[in-house]
Amino acid sequence: MPIQLWAQASKPAVKALENQLGENSFFSKHLTGFMLYDLDEQQTVYEKNSELYFAPASTTKLFTYYAALVTLGDSSKRLRYLPKGKDVIIWGTGDPSWKYKPVPDIDMKRFFANYEDIYFSDSNWDDTPYGYGWQWDDYYYSYAAERSPLPIYGNLATITNLQRSPSLSPPLFANALAITTKAIKDVERDFRSNRFYYNPNTYVYRGRDTKVPFATSTETFAQLASQELNKKVIPTKEKLPENHFILKGIPLDSLYQEMLHESDNFLAEHLLLMVADELMLKLNAEEAIDFVTKNYLTDLKDEPIWLDGSGLSRYNLFTPRSMVSIAEKIYQIVPDTTLFRLLPQGGRTGTLKNAYRAPTPYIFAKTGTISNNHSLVGYIKTKKGKLYAFAFMNNNYPYKARQVINEMEKVLLYVRDNF
């Protein structure tokens, strides 16, 4: 196990850190990788299994964030369009914000007010609704909303809970809810259609609206957009011409913050599609990943196995030192105050609101959790005023994530107080 030292880190502190992560520690019972990197000195303080590959889960979103930072501007491109007399043809860019409540929106009705019919083309769409390596049976959970060229409502139907009789919106799905005898607690959907169902005898009233993904298609989008705009939206296969117009969207920081704070898979996937749109005028996540990897990540010591934008894919594999490299690259682009606002803060915001609590936040990082795997990648501020990038990755443990997080907190508190 390689360990690197320099004057800023005392030998006793490093030795004690090794004891907390070594052979007789909690972390010896499963695969653990850890790396601590001084951002000012640009040197590694400590590393354990930093060259091994781990399933990163949602820490993959840091790769997506970096890809967006180096390719997109300050604001999103809502759509591409070409007026045709009184009508208009539109193409999606992957922008996910239309009627998606967690992020700001622009007035689409106002934009389309001067046009009669709207033609929607998916000719630049070259991808699939689901990412490579996604769990197929996640399809009716809100965290696995489908990918599409121009999303609306977050590609989610809303379930309004009226005691034992739920209702569905938007209006297109209002009559698509049927009763089933299956013993299910929530509203579910057929895998291949927009037929939804619930069991009134087992349905659980949750006292709040919930979400379930709808099956996307060009025709479904056209119907939804028609109802939303009160205008006819007509599918077409018109190719995107070289000369066309762009409708500006919203500040990208608003998408970044929601994606990072809430670990929003839908936003992450569509940010990657926006990168593809920017680079190739084509919506293909795999090609976007390939371009970013070959043009911006050639200096990584370990080739990333990167398959999607969100980390839903079970095939993603990154090493801790690659994760630290991404954290360092992001740090070089984004000012501290902005970066620490966009990332979850320990004990304060997002997915870290209930972990790493302290009077003064010391952890600013992205979480990643799937069954039996939990990782944390980001930045730690120490009491000596040092700022480190770190990656703490755990795979294949046989207990609850909360137990792993509690033990990780002990290690990171030691780093805060002794480095």
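The values are calculated or read from the model by the stated rules, or taken from the named source; none is laboratory data. Here the structure is a predicted model, which means the values were calculated and not measured. As a convention, Cβ positions derive from the backbone with ideal geometry for all residues, glycine included, and neighbour counts pool all protein chains shown. Heavy atoms of the whole protein, side chains included, go into the accessibility calculation; ligands, DNA and RNA do not. Shrake-Rupley method; radii C 1.70, N 1.55, O 1.52, S 1.80 Å.
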Problem - Criterion: on the phi < 0 side of the Ramachandran plot, in contact (Cβ under 8 Å) with a residue 60 or more places away in the chain and open to solvent by 60 Å² or more (accessible area, probe 1.4 Å) - qualifying residue of D107, D137, D126 - result: D126
Problem - Whichever residue in region 142-167 is in a loop (DSSP other than H, G, I, E, B) and modelled with pLDDT under 95 and, among such residues, is surrounded by the most Cβ atoms within 10 Å (Cβ to Cβ) - result: P166
Problem - Among residues of region 239-280, those that are open to solvent by 40 Å² or more (accessible area, probe 1.4 Å), in a helix (DSSP H, G or I) and aliphatic (A, V, I, L, M), counted - result: 2
Fill in the blank from the handout: Here the residues within region 13-39 that are loosely packed, with under 14 Cβ neighbours inside 10 Å and touching a strand residue (DSSP E or B) at 6+ places or on another chain (Cβ under 7 Å) are none
Exercise for the section: Give region 323-367 a look and list any residue that's under 18 Å from E258 (Cα atoms), of a type in the set (S, T, Y) and in contact (Cβ under 8 Å) with a residue 12 or more places away in the chain, or say none. Expected result: T338, T349, T351, T367
Handout entry: Lone qualifier among R189, R195 - being of a type in the set (D, E, K, R), open to solvent by less than 20 Å² (accessible area, probe 1.4 Å) and within 30 Å of N230 (Cα to Cα)
Key = R189
Handout entry: In region 281-316, the residues that are in contact with a helix residue (DSSP H, G or I) (Cβ under 6 Å, 6 or more places away or on another chain), open to solvent by less than 10 Å² (accessible area, probe 1.4 Å) and not in a helix (DSSP H, G or I)
Key = L283, G309, S310, G311, N316
Practice task
Could you tell me whether any residue of region 220-236 is of a type in the set (K, R) and either at pLDDT below 95 or loosely packed, with under 12 Cβ neighbours inside 10 Å (or both)?
Solution key: no
